[in-house]
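S.K.: Got a structure here, written out as structure tokens. Questions coming.
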């Protein structure tokens, strides 16, 4: 009898405990599902952030490529000649001749070259001339350099020039 009385007395408590247990179980399932959704959203957000970083890097590379294209544009022959003659004046050498060479065309670029002959009284001026060409903001490549003593056909009377520099200067354009 004690058991029956005890169960009837605590009937509401047992029922309330069961309802609370079921409610907690359902709430836990909702909580678990919500956590999975939050985790999925965080993963999606991280993936999008990585895509944004990659897109930003691509955009930065495109800007660099555009800048390089501006640097490597095909230069007019008169522009190149003017730039090299200014360099010659500042370095103290005298132009003897300049001769354009046929362009070398590749699938990726075009190389325009010039054979240049200058005269100078010292090696220092010749070195300064080559150094200024290579340090120019316009990109010039120096190759096939030879230095010889001047002969009477190039030397001007009384100018004191005794060295001739023959070099090939090239520009690259895309």
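Computed from the coordinates by the stated procedures, all read-outs in this text should not be read as laboratory data. Predicted, not measured: the structure shown is a model, and the values here were computed from it. Counting neighbours? That spans all protein chains shown, and the Cβs are built from the backbone with ideal geometry, glycine included.
S.K.: Need one number: nm distance between label points at residue 141 and residue 78, each 7 Å from Cα along Cα→Cβ, rounded to one decimal.
M.R.: Distance between the two pseudo-spin positions: 2.8 nm.
S.K.: A further question follows. Mind pulling the angle between the C-alpha long axis of helix 77-91 and the longest principal axis of the chain? Nearest 10 degrees, somewhere in 0 to 90.
M.R.: Computed tilt is about 70 degrees.
S.K.: Among 122, 55, rank each residue by its count of other Cβ atoms within 10 Å, from fewest to most, as a rough exposure measure.
M.R.: Ordered from fewest to most neighbouring Cβ atoms within 10 Å, 122, 55 come out as 55, 122.
S.K.: Return the distance in nm (one decimal) between the two label points of a simple spin-label model at residue 174 and residue 53, each offset 7 Å from Cα along Cα→Cβ.
M.R.: The modelled label-to-label distance comes out at 2.6 nm.
S.K.: Related question: Express the relative contact order of the chain as a whole percentage, based on alpha carbon pairs under 8 Å and six or more residues apart in sequence.
M.R.: 21
S.K.: Quick one: angle between helix 11-71 and the longest Cα principal axis of the chain, in degrees between 0 and 90, rounded to 10, please.
M.R.: Roughly 10 degrees between the two axes.
S.K.: If one takes the longest principal axis of the Cα atoms in the chain, at what angle in degrees, from 0 to 90 and to the nearest 10, does the Cα axis of helix 123-134 lie?
M.R.: Once rounded, one gets 40 degrees.
S.K.: So if R0 is 35 Å, what FRET efficiency would residue 106 and residue 43 give, r being the distance between their Cβ atoms, rounded to the nearest 0.05?
M.R.: After rounding, the FRET efficiency stands at 0.15.
S.K.: Given (1) 71, 34, 26; (2) 43, 36, 33; (3) 141, 31, 21, which label gives Cα extents along the principal axes in Å as computed from the coordinates?
M.R.: Calculated Cα extents along the principal axes in Å: the matching label is (3).
S.K.: Tell me the mean residue ellipticity at 222 nm calculated for the chain from its helices only (DSSP H runs of n ≥ 4, each -39500 (n - 2.57), averaged over every residue, nearest 500).
M.R.: Taken over the chain, the calculation gives -19500 deg cm²/dmol.
S.K.: Now a separate question. Between residue 95 and residue 65, what FRET efficiency follows from the Cβ-Cβ distance if R0 is 41 Å, with the result rounded to 0.05?
M.R.: 0.70
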